[in-house]
Structures are given as structure tokens and as C-alpha cells.
Amino acid sequence: MAVLVGLDIGGTKIMVASADREGNILRRVRAETSTSLEADLANIDRMIAAVAADEEILGMGAAIGGPLDWEQGIVSPLHQPAWRNVPLKALMEAKWNCRFRVDVDTNVAAIGEYRWGGLFAERFLYLTLSTGMGGGFLIDGKIYRGQDGAHPEVGHQSIHFRCSNPSAVQCECGVSDCLEALVSGNGIRRIYGKSAETLNPEEWQEVAYNLGQGLRNLAALYAPHVIRIGGGVAVGGGERFVSAAREAMQEHLRLVPAPQLGLSHLGYDTALRGAIALALLK
Ligand SMILES: [Zn+2]
């Protein structure tokens with residue numbers, strides 16, 4: 001049986017899976033990301049061989065951190081310093097003799113949620129809250145891109161926030177009032193001095209309020225039908241966190257209809273499943 005292969009290449013781990021044409025995962029492997037590009041590439045080739053198990057590969061898709069040139073498939077993920085201007089698409093297509101597509105991890109996760117997350121939404125926004133924060137916006141299932149292919153950075157919008165420790169609000173991009181600085185794993189650690197899993201209910205409430213302000217801006221600007229949220233912080237916060245964020249969003253949203261808001265249906269596999277969906281795209 002011919003297979004699809006999906007890769008989720010992250011700053012701490014690499015996951016590779018093979019799937020059938022319906023996206024059912026057949027085999028999967030994971031490894032730590034190293035500090036050497038050569039070692040990572042050799043590892044990826046071994047992992048692909050392991051999940052393909054001598055079957056024909058119909059196509060491959062990959063999710064990786066930005067920035068990248070999605071058309072040429074040249075990647076320079078910010079949190080993997082050894083990877084700079086890597087012609088990943090050319091390397092993979094030459095080695096594996098099949099089509100290879102790569103995109104920013106949050107775009108790929110949006111594609112995964114859209115395709116396998118049991119939803120139909122003409123205008124769909126996917127957000128991830130993990131170490132950092134990002135998102136992908138799909139119109140009729142197609143990725144919305146900015147000028148010259150630029151990836152819109154929804155985490156770096158300014159919001160009107162509430163914070164019990166305002167002097168600790170500092171975004172890694174250099175600005176002091178970004179949404180990411182208030183709701184991402186790293187931002188939470190900086191503000192509250194602990195990881196998201198150990199926040200008390202009042203602290204969760206504050207994070208949810210701030211996320212709600214960002215959601216309100218996104219809803220007002222894009223007017224999407226559906227917003228789904230994934231990533232470790234959101235999955236950890238669960239339904240209670242999302243419903244508090246929904247309340248804050250709705251309280252301040254005027255003139256546009258409120259989007260349907262919920263947690264990702266794919267848990268920690270959104271980007272990996274998205275990479276498989278990417279391999280299927282015409
Ligand atoms: Zn920022």
C-alpha cells in the first residue's frame with residue numbers, strides 16, 4: 001500500500017508518521033532535535049525510511065518554525081540555529097523522489113484541524129498556545145498569506161491587558177505589550193514565575209481574560225466562522241480556560257458575529273496530522 005509521510009520538525013523534537021490516504025496514521029517515530037543540521041537531516045531520513053517501511057511514498061508534508069520560503073521550500077527556523085537557509089524541499093525531493101511541501105508549523109496545524117478536525121468553516125482561524133503563540137488563517141481551506149508570502153503574526157498584536165505583575169510583561173520580539181508575552185508558556189513563566197500547569201484559578205482567569213482580548217481583536221478584524229485553539233497551554237487549561245476566554249471575547253465584541261470557539265480536536269498531533277494533509281494537497 002502506498003503511503004503519505006508527515007513530518008513535524010520542532011526545536012526540541014522531531015516526529016515523523018506515515019498514513020493512508022484517509023489520514024489514518026500507520027506508523028510513527030520521534031526523536032530529539034540535535035544541535036547539528038547534518039545529524040538532524042540524517043535522522044529525518046532514517047525516520048522516513050522507518051515509517052515508510054519499503055512502501056511507495058505518494059507525497060510528503062512538513063511543519064517547521066518560520067521564517068521560511070514556502071514556495072522554494074527553504075527553511076531557517078528561528079529556534080533551531082543550526083538550520084539556516086536549508087533547501088529542505090530540494091534535498092527531500094532528490095532523496096525520496098516524491099513531492100515535498102513545507103510550511104510554517106501554525107499554518108500546517110490549521111490545515112490539519114481543517115481537514116481532520118471534523119469542521120466545515122469557510123473562514124477558519126487556528127491558534128496555538130505553547131512555548132510561543134501563533135496562528136494560521138484559512139479561507140476556503142487555503143492559507144491566507146501577507147505581502148511577499150509573509151506569515152501574519154497574530155501573537156504580536158498589542159492588547160489592552162490585565163496583569164498582576166505588569167513589569168514582567170516583555171515579549172521576545174522586543175515589544176512590551178504583545179499578546180504572546182501574556183498567554184504563551186514562556187510569557188506565563190516570566191510573569192507568574194511558574195509553568196502554566198501550576199497556575200492557580202485566579203491566574204488562569206487573568207490569562208484567559210488576556211487571550212479573550214486578543215480573540216476579540218481577531219474576531220473584529222477577520223470575522224471568522226470558527227476559531228480553534230491548540231498547543232500545550234490551551235490543552236492544559238482545557239474547556240474551563242477556553243470558556244473564560246470566550247466570555248472575555250464576547251463581552252467586548254461588537255458589530256461582528258461572535259465566532260464559534262473551541263479547543264483543537266487533534267490534541268498534540270495537530271501539526272503532524274496537518275503535515276499529512278499537506279502531502280495530499282494538489
Ligand atoms: Zn511580540
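The values are calculated or read from the model by the stated rules, or taken from the named source; none is laboratory data. Just so it is clear, the structure is predicted and the values come from calculations on it, not from any experiment. Ideal geometry is used to build each Cβ from the backbone, glycine not excepted, and the neighbour counts take in all protein chains shown. Surface areas here come from the heavy atoms of the whole protein model, side chains and all, with no ligands, DNA or RNA. Shrake-Rupley method; radii C 1.70, N 1.55, O 1.52, S 1.80 Å.
On the protein heavy atoms, probe 1.4 angstrom, tell me the percent of accessible surface of the stretch 181-255 carried by carbon and sulfur. Result for the stretch 181-255: 48 percent of the exposed heavy-atom area is carbon or sulfur. Looking at the stretch 1-83, the GluC sites (Glu not before Pro) that sit in a DSSP loop and have at most 13 other Cβ atoms within 10 Å of their own Cβ are GLU22, GLU56, GLU71. Counting only lysines at least 8 places from LYS194 when in the same chain, those with an alpha carbon closer than 30 Å to its own are LYS13.
The relative contact order of the stretch 47-93, computed from alpha carbon pairs under 8 Å that lie at least 6 residues apart in sequence, is 23 percent. A crude spin-label estimate for the pair ASP20 and SER34, with each label 7 Å from Cα along the Cβ direction, gives 3.6 nm.
Per residue, the accessible area of the stretch 166-282 comes to 44 Å², computed with a 1.4 Å probe over protein heavy atoms only. For HIS79, the shell of other residues with beta-carbons less than 11 Å away shows a net charge of -2, using +1 for Lys and Arg and -1 for Asp and Glu. Residue-wise HN-Hα couplings along the stretch 172-187, as the Karplus relation 6.51 cos²θ - 1.76 cosθ + 1.60 with θ = phi - 60° gives them from phi, are 5, 7, x, 9, 9, 10, 7, 4, 4, 5, 9, 10, 7, x, 5, x Hz; Gly and Pro carry x. Take 60-66, 99-105, 200-206 and order them by the average number of nearby Cβ atoms within 10 Å per residue, most first; the result is 60-66, 99-105, 200-206.
Look at the alpha carbon pairs under 8 Å that are at least 6 residues apart: their mean separation over the length of the chain gives a relative contact order of 21 percent.
Each principal axis of the Cα cloud of the chain was evaluated for its coordinate range; sorted largest first, these ranges are 54, 38, 35 Å. Translational diffusion of the stretch 147-226 was estimated from the Stokes-Einstein equation, with Rh taken as the Kirkwood radius over Cα pairs; at 20 °C and 1.002 mPa s the coefficient is 162 µm²/s.
By the rule of a C-alpha distance below 20 Å, with chain neighbours fewer than 8 residues away ignored, the lysines paired with LYS282 are LYS89, LYS142. Taking the 0 to 90 degree range and rounding to the nearest ten, how far is the long axis of helix 201-222 tilted relative to the main principal axis of the chain, both from C-alpha atoms? That helix lies at roughly 70 degrees to the long axis. Paramagnetic label reach from GLN147 (point 7 Å along Cα→Cβ; backbone nitrogen cut-off under 13 Å): within the stretch 172-216, no residues.
Here the spin labels are modelled as points 7 Å beyond Cα on the Cα-Cβ line, and at ASN165 and GLN250 they lie 3.2 nm apart. Counting Lys and Arg as +1 and Asp and Glu as -1 over every other residue whose Cβ lies under 10 Å from the Cβ of SER18, the net charge comes to 0. For the chain, the longest principal axis of the alpha carbon atoms and the long axis of helix 270-280 meet at an angle near 50°.
Of the solvent-accessible surface of the stretch 111-171, computed with a 1.4 Å probe over protein heavy atoms with every protein chain present, carbon and sulfur atoms account for 48 percent. For the stretch 69-126, the convex hull spanned by the alpha carbon atoms encloses 111 Å³ per residue. Taking Cβ atoms as reference points and 10 Å as the exclusive limit, the residues near GLU113 contribute a net charge of +3, counting Lys and Arg as +1 and Asp and Glu as -1. Secondary structure note: in the stretch 1-153, about 65% of the DSSP beta bridges are antiparallel. Using only alpha-carbon positions in the stretch 1-107, the gyration tensor eigenvalues give semi-axes of 21, 14, 13 Å once each is multiplied by 5 and square-rooted (largest first). Within the chain, DSSP assigns beta bridges of which about 55% are antiparallel (rounded to the nearest 5). Rolling a 1.4 angstrom probe over the protein heavy atoms with all chains in place gives the stretch 1-145 an accessible area of 45 Å² per residue.
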